[in-house]
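Heads up, the thing below is written out as structure tokens.
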Amino acid sequence: MIYKDGDHWRGAVSLGYGPDGKRVRKKVSGKTRAEVVEKVRKLKETLAKGAPVPDDRLTVGAFLDRWLLHLPGHISDGALDDYEDTVRLHLKPGLGRHKLTKLTVAQVDALWQAKREAGYKANSVRNMRAVLREGPGPGGTGGVGHAERRSVVDATARTRGGGPDVHGG
């Protein structure tokens, strides 16, 4: 369903029914009808592939918190402590308030630049970048969908990691 609402266009895709029996829909909006048609098409394509619908309200901080909750038992206690420290001290203060689906390369680059200017060595910045990029890794997705994980990977894969490791892990 696509319709005009004031000066914006709106669209909705039915996701079925929730546990309470109410219809669940994902809504999108845009300035032009064509923009909304494209968003609806992509949303339907995502659903057809069996991928979860991205949560537009999920912040990077909440994403990282969910990921950390699902790591115990999948990695060593020492690695878990390192991940928790990196998230608490560096990633959440710098990126935590941003919406995950809206995370940009510029925002991630700004964090790395700020860390370098604060005196962090290239290897430390690379480690921060690796934690952010690996997001839900070997321990599973921690309840975070593929689309959310892609937001982080896309934003970090194109950033300067603070040293020679600019494209890899």
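The values are calculated or read from the model by the stated rules, or taken from the named source; none is laboratory data. The model shown is predicted, which means the values in this text are computed figures rather than measured ones. Surface accessibility is based on the protein's heavy atoms, side chains included, excluding ligands, DNA and RNA. Shrake-Rupley method; radii C 1.70, N 1.55, O 1.52, S 1.80 Å.
Structure notes:
- Heavy-atom surface analysis with a 1.4 Å probe gives region 1-107 a carbon and sulfur content of 52 percent of its accessible area.
- Ignoring lysines fewer than eight residues from LYS102 along the same chain, the ones with Cα atoms less than 26 angstrom from its Cα are LYS4, LYS26, LYS27, LYS31, LYS39, LYS42, LYS44, LYS49, LYS92, LYS115.
- Cα gyration tensor, region 1-144 - rounded (a/c under 1.5), prolate or oblate: oblate
- Distances between placed amide hydrogens fall under 5 Å for VAL24 paired with LEU15, GLY16, TYR17, GLY18, all partners being 5 or more residues away or on another chain.
- Between region 35-54 and region 115-136, the Cα center-to-center distance that results, in Å: 32 Å
- Rolling a 1.4 Å probe over the protein heavy atoms gives region 1-109 an accessible area of 63 Å² per residue.
- Residue separation of ARG10 and ALA106 scaled by 0.36 nm, minus their Cα-Cα distance, works out to 31.7 nm of gained length.
- The slack in the chain from LYS99 to ASN123, taken as 0.36 nm per residue of separation less the alpha-carbon distance, amounts to 6.0 nm.
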